[in-house]
Amino acid sequence: DRYRSFKTNAYQDVLHPDVYAYLAAIASAGVTANTRSYLEPATAPSDWWKGADKAIPKVLFTVGEKECLFDEVLDIAEALQPHVSDLQKVVELNGVHEDMIFAFGAGVREGKAGDGYKAVATWLKSVWQ
(Lines give C-alpha, C1' and ligand atoms only; values in the text may rest on other atoms or scores of the structure.)
Protein backbone atom coordinates (compact mmCIF):
# COMPACT_ATOMS: atom_id res chain seq x y z
CA ASP A 1 0.00 0.00 0.00
CA ARG A 2 3.03 2.27 0.36
CA TYR A 3 3.45 2.62 -3.40
CA ARG A 4 0.37 3.85 -5.25
CA SER A 5 1.83 2.78 -8.62
CA PHE A 6 1.33 -0.90 -7.71
CA LYS A 7 -2.40 -0.21 -7.74
CA THR A 8 -2.65 2.35 -10.55
CA ASN A 9 -0.42 0.37 -12.93
CA ALA A 10 -1.51 -3.15 -11.94
CA TYR A 11 -3.17 -3.89 -15.28
CA GLN A 12 -0.86 -1.80 -17.48
CA ASP A 13 2.57 -3.21 -16.58
CA VAL A 14 3.90 -6.51 -17.94
CA LEU A 15 4.07 -7.87 -14.39
CA HIS A 16 1.05 -7.80 -12.07
CA PRO A 17 1.59 -6.88 -8.39
CA ASP A 18 0.83 -10.51 -7.45
CA VAL A 19 3.94 -11.55 -9.40
CA TYR A 20 6.06 -9.05 -7.49
CA ALA A 21 4.60 -10.32 -4.20
CA TYR A 22 5.35 -13.91 -5.16
CA LEU A 23 8.94 -13.11 -6.17
CA ALA A 24 9.47 -10.99 -3.05
CA ALA A 25 8.30 -13.86 -0.83
CA ILE A 26 10.85 -16.18 -2.45
CA ALA A 27 13.70 -13.65 -2.39
CA SER A 28 13.10 -12.55 1.19
CA ALA A 29 13.65 -15.96 2.76
CA GLY A 30 16.38 -15.53 5.36
CA VAL A 31 16.50 -11.74 5.08
CA THR A 32 17.01 -10.12 8.46
CA ALA A 33 16.39 -6.56 9.64
CA ASN A 34 20.11 -5.90 9.10
CA THR A 35 20.04 -7.07 5.47
CA ARG A 36 16.57 -5.82 4.44
CA SER A 37 17.93 -2.70 2.71
CA TYR A 38 19.84 -4.89 0.24
CA LEU A 39 16.58 -6.55 -0.84
CA GLU A 40 14.36 -3.49 -0.51
CA PRO A 41 16.54 -0.43 -1.14
CA ALA A 42 13.50 1.87 -1.21
CA THR A 43 13.05 1.19 2.52
CA ALA A 44 16.68 1.93 3.38
CA PRO A 45 17.38 5.04 5.42
CA SER A 46 19.12 7.78 3.44
CA ASP A 47 22.36 7.42 5.39
CA TRP A 48 22.54 3.75 4.31
CA TRP A 49 23.66 5.10 0.93
CA LYS A 50 26.54 7.12 2.42
CA GLY A 51 29.79 6.34 0.60
CA ALA A 52 27.99 4.91 -2.44
CA ASP A 53 29.84 7.38 -4.67
CA LYS A 54 33.08 5.48 -4.03
CA ALA A 55 31.61 2.41 -5.77
CA ILE A 56 29.05 3.96 -8.09
CA PRO A 57 29.80 7.59 -8.96
CA LYS A 58 27.52 7.58 -12.02
CA VAL A 59 23.98 6.15 -11.94
CA LEU A 60 21.15 6.01 -14.46
CA PHE A 61 17.60 5.19 -13.37
CA THR A 62 15.06 4.33 -16.05
CA VAL A 63 11.47 3.62 -15.19
CA GLY A 64 8.30 3.15 -17.17
CA GLU A 65 5.41 5.49 -16.47
CA LYS A 66 3.06 2.46 -16.42
CA GLU A 67 5.36 0.31 -14.30
CA CYS A 68 4.20 -1.05 -10.95
CA LEU A 69 7.61 -0.19 -9.50
CA PHE A 70 7.36 3.45 -10.69
CA ASP A 71 7.00 5.08 -7.25
CA GLU A 72 9.54 2.75 -5.65
CA VAL A 73 12.19 3.44 -8.31
CA LEU A 74 11.76 7.20 -7.88
CA ASP A 75 12.06 6.83 -4.08
CA ILE A 76 15.34 4.92 -4.47
CA ALA A 77 16.68 7.56 -6.86
CA GLU A 78 15.74 10.33 -4.44
CA ALA A 79 17.43 8.56 -1.52
CA LEU A 80 20.60 7.90 -3.54
CA GLN A 81 20.80 11.37 -5.14
CA PRO A 82 22.70 13.10 -2.31
CA HIS A 83 25.27 10.30 -2.21
CA VAL A 84 26.46 10.15 -5.83
CA SER A 85 27.98 12.82 -8.03
CA ASP A 86 26.06 12.00 -11.22
CA LEU A 87 22.53 10.60 -11.06
CA GLN A 88 20.13 10.73 -13.98
CA LYS A 89 16.47 9.70 -14.11
CA VAL A 90 14.53 8.94 -17.25
CA VAL A 91 10.80 8.22 -17.28
CA GLU A 92 9.62 6.31 -20.34
CA LEU A 93 6.17 7.70 -21.20
CA ASN A 94 3.66 4.84 -21.34
CA GLY A 95 6.60 2.52 -20.62
CA VAL A 96 6.34 -0.73 -18.70
CA HIS A 97 8.83 -2.79 -16.70
CA GLU A 98 12.08 -3.26 -18.63
CA ASP A 99 10.81 -1.51 -21.78
CA MET A 100 14.31 -0.59 -22.87
CA ILE A 101 15.45 -4.22 -22.60
CA PHE A 102 12.60 -5.26 -24.88
CA ALA A 103 13.74 -2.57 -27.32
CA PHE A 104 17.36 -3.78 -27.22
CA GLY A 105 16.24 -7.36 -27.75
CA ALA A 106 13.98 -6.43 -30.64
CA GLY A 107 16.79 -4.54 -32.38
CA VAL A 108 15.18 -1.14 -32.46
CA ARG A 109 16.23 0.91 -35.46
CA GLU A 110 17.82 4.32 -34.95
CA GLY A 111 15.12 6.94 -34.54
CA LYS A 112 12.51 4.41 -33.39
CA ALA A 113 13.86 3.88 -29.89
CA GLY A 114 12.07 5.13 -26.80
CA ASP A 115 13.54 7.54 -24.24
CA GLY A 116 14.73 4.72 -21.97
CA TYR A 117 16.54 2.94 -24.79
CA LYS A 118 18.23 6.15 -25.91
CA ALA A 119 19.19 7.07 -22.34
CA VAL A 120 20.77 3.66 -21.67
CA ALA A 121 22.73 3.74 -24.95
CA THR A 122 23.98 7.28 -24.28
CA TRP A 123 24.82 6.49 -20.65
CA LEU A 124 26.73 3.32 -21.54
CA LYS A 125 28.70 5.20 -24.16
CA SER A 126 29.63 7.88 -21.61
CA VAL A 127 30.69 5.28 -19.04
CA TRP A 128 32.86 3.27 -21.44
CA GLN A 129 34.68 6.22 -23.02
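Things worth noting here:
- Residue count, region 73-107 (criterion: closer than 21 Å to Tyr117 by Cα and either open to solvent by less than 40 Å² (accessible area, probe 1.4 Å) or among the hydrophobic types (A, V, I, L, M, F, W, C) (or both)): 18
- Count of residues meeting criterion [open to solvent by 60 Å² or more (accessible area, probe 1.4 Å), outside any loop (DSSP other than H, G, I, E, B) and among the polar types (S, T, N, Q)] in region 1-42: 1
- Subset of region 108-123 that is out of contact with any Ser or Thr (no Cβ under 8 Å at 6 or more places or on another chain) and open to solvent by less than 50 Å² (accessible area, probe 1.4 Å) - its residue that is modelled with the highest pLDDT: Ala121
- Look at (1) touching a strand residue (DSSP E or B) at 6+ places or on another chain (Cβ under 8 Å); (2) not in a strand (DSSP E or B) and you find that Phe102 fails only one, number (1).
- For region 43-52, filtered to residues that are at pLDDT 90 or above and not in a helix (DSSP H, G or I), the residue that is most open to solvent (accessible area, probe 1.4 Å) is Lys50.
- Of residues in region 53-72 being among the hydrophobic types (A, V, I, L, M, F, W, C) and part of a loop (DSSP other than H, G, I, E, B), the one surrounded by the most Cβ atoms within 10 Å (Cβ to Cβ): Cys68
- Residue check for Ala42: closer than 17 Å to Ser5 by Cα and aliphatic (A, V, I, L, M): yes
The values are calculated or read from the model by the stated rules, or taken from the named source; none is laboratory data. Just so it is clear, the structure is predicted and the values come from calculations on it, not from any experiment. Heads up, the Cβs are rebuilt from the backbone with ideal geometry, glycines too, and the neighbour counts pull from every protein chain shown. In case anyone asks, the SASA skips ligands and DNA or RNA and just uses the protein heavy atoms, side chains included. Shrake-Rupley method; radii C 1.70, N 1.55, O 1.52, S 1.80 Å.
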